[in-house]
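The values are calculated or read from the model by the stated rules, or taken from the named source; none is laboratory data. None of these values were measured; they are calculated from a predicted model. Cβ: placed from backbone, ideal geometry, glycine included. Neighbour counts: every protein chain shown. The area values use the complete protein model at the heavy-atom level, side chains included, leaving out ligands, DNA and RNA. Shrake-Rupley method; radii C 1.70, N 1.55, O 1.52, S 1.80 Å.
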Amino acid sequence: MSTTPATAFVRREDAPILPPPPGSAGLGGWLRRNLFSGIGSTLLTLLLGAALALIAWAIIDWALLRAVWTGQDRDACAVEGAGACWPFVWAKFPQWLFGFYPVEERWRPALVFLLGAGGLIPMLMPAAPWKLWNALFLILAFPVIALILLSGGNFAVGWGGYAAVIILALLAGGLLPLFLQGLEQGIKSNRLALILALIALAPVFLWLLAESFAALSGLLALFGLELLEPVSRALLSLRDRVNDHAALPYAQALMIALAAIITLAGLLREGAQVRGLVAGWLVASAVAIVILLLLDIDFGLIPVETSNWGGLLVTLVVSVTGIAASLPLGILLALGRRSEMPVVRWFSVAFIEIWRGVPLITVLFMASVMLPLFLPDGVTMDKLLRALIGITLFSSAYMAEVVRGGLQAIGKGQFEGAMALGLSWWQMMWKIVLPQALKISIPNIVGTFIGLFKDTTLVLIVGIFDLLGMINAGTQDAKWAAEQTGNTGYFVAAVIFWAFCFGMSRYAMFTERRLGAGTRR
């Protein structure tokens, strides 16, 4: 009988940890995998690297080595072979930041910049505390503070402004719940409230009809056709008689208040969820009244017209307002386009297709030149405000399609699972569908934001001097009229725009990695 010991097939200790193969780890491994993985990749890397090196050297040579760093006027830069004219930048940079804002009041936009950065930076940090209060500051407090500081406040809102906000709040409380609970079901259960609200809005519809006929009649008159002239005169006369009646505002407020009371009283009987909706409506109405009170207070600041704003200040005002307002409007339009209610769907489709079919430059021209022609006599609107409204509506149409793409990427099972849990339509959208759709749409949303930020330069065409407009104005200064001043100014503008756009892009990539967007587990 053999006494040879049996061979052991089970390892009794851990295998030794071996180093990775040479050239597969560290910087050398990354270069081998990404830049020098083959002959073609190596040649392409060398060619592109040489081209980038030449471009980088040309920029460094022009911007640093041959640059002019000191001087008081164009003579310092009007030198043969001179590079960038940095004295021009030092002299004009405050104007590029604040435009024609009064020098002694520039602390106000500087404070707005600091408050905006102080609220935005913690909001972008996932680990920062007090997120809710930070968000409330950025959404509610900061816009009011910025408006008061930049314009001077003291808008003299008056009782008419407060009455308008109260009427709008009552109207929202009376009509919005009809759509939240389904238009058809809402009309059946709140028919009296809807009738009262429509009667209260009849003068508004009459005003719109009269103005539309007047505009159409004037357009036909240009071609020698006066077919609508009698109808237009009759409607304008009826509009003036109705709107000039002293008791009209009181009657409208009374009917809208009754409509709101009837609707809200019916909603309060439907459960705690609807009572939460009513409470939110009451809080929003109270916040609107508080904002009007703040705008009505005289803080002793010197008024500064928006025509004196300019530079990076206008660029940030236009872009931030457009970005902040277009996202919620785009979400509502995307949901409306997918709605089963025909009126809501048709309105959303018409809005999106009309605004997406018109170039932004045309929208700005319409807002700056044509819109005042359609306003009633004596009614004016600030040029910057008109541009903000046009850009916001234009961007919201594109944002709606981006969000709709995210909604269509959500599987049908998500909707069925939410309905199986007994969630209402709004709960399903708010808690289940929209978070997934927005996560999927992060790259496209940020791409739209970047495009909007760059498109703000178009406001120069309608006489609003943004950053690029102020640089153009600086190059026309005879004191600095030299060959390199314009090149230096545009180089600085390119660097500033690149910094903002690159920052948005990198933060979007960070958010995607943190949320795991684009991955399947």
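Sorting the segments 232-238, 127-133 by their residues' average number of neighbouring beta-carbon atoms within 10 angstrom, most packed first, yields 232-238, 127-133. Of all aspartates and glutamates in the structure, the ones whose alpha carbon falls short of 18 Å from that of LYS412, not counting any fewer than 8 places away in one chain, are GLU340. Length, then width, then depth: along the principal axes, the Cα atoms of the stretch 287-386 run 52, 34, 34 Å.
The ratio of the alpha-carbon radius of gyration of the stretch 25-153 to the globular-protein estimate 2.2 N^0.38 Å is 1.73. Spin-label model, THR511 to ILE121: label points 7 Å out along the Cα-to-beta-carbon direction sit 2.0 nm apart. The phi torsions of the stretch 328-343, fed into the Karplus equation with coefficients 6.51, -1.76 and 1.60 and a -60° offset, translate into couplings of x, 5, x, 5, 4, 5, 5, 5, x, 5, 9, 6, 8, 7, x, 4 Hz, rounded to whole numbers, with Gly and Pro shown as x.
Taking max minus min of the alpha-carbon positions on each principal axis, the stretch 349-502 gives extents of 73, 45, 22 Å, largest first. When peptides 27-40, 345-358 are ranked by their average number of other Cβ atoms within 10 Å per residue, the highest-first order is 345-358, 27-40. R0 = 60 Å: FRET efficiency of ALA246 with LEU43, Cβ-based, nearest 0.05? With R0 = 60 Å, the Cβ-Cβ based efficiency is 0.10. Close amide H pairs (under 5 Å, H built 1.01 Å from N) link GLY311 with GLY99, ASP466, LEU467, MET470, residues at least 5 positions away or on another chain. The three principal axes of the C-alpha atoms in the stretch 68-114 carry coordinate ranges of 42, 18, 14 Å, sorted with the longest axis first. Distance from the alpha carbon centroid of the stretch 385-412 to that of the stretch 308-360 works out to 5 angstrom. For the stretch 420-519, the solvent-accessible area of protein heavy atoms averages 51 Å² per residue (probe radius 1.4 Å; ligands and nucleic acids excluded). Taking only protein heavy atoms and a 1.4 Å probe, the accessible area of the stretch 10-122 is 71% carbon and sulfur.
Sorting 478-487, 54-63 by average packing, meaning the other beta carbons within 10 Å per residue, from highest down gives 478-487, 54-63. Rg then Dmax, both in Å and based on the Cα atoms of the stretch 382-453: 15.6, 51. A simple rule links phi to the HN-Hα coupling: the Karplus curve 6.51 cos²θ - 1.76 cosθ + 1.60 with θ = phi - 60°, which for the stretch 122-130 gives x, 5, 7, 8, x, 8, 5, x, 6 Hz, with x for Gly and Pro.
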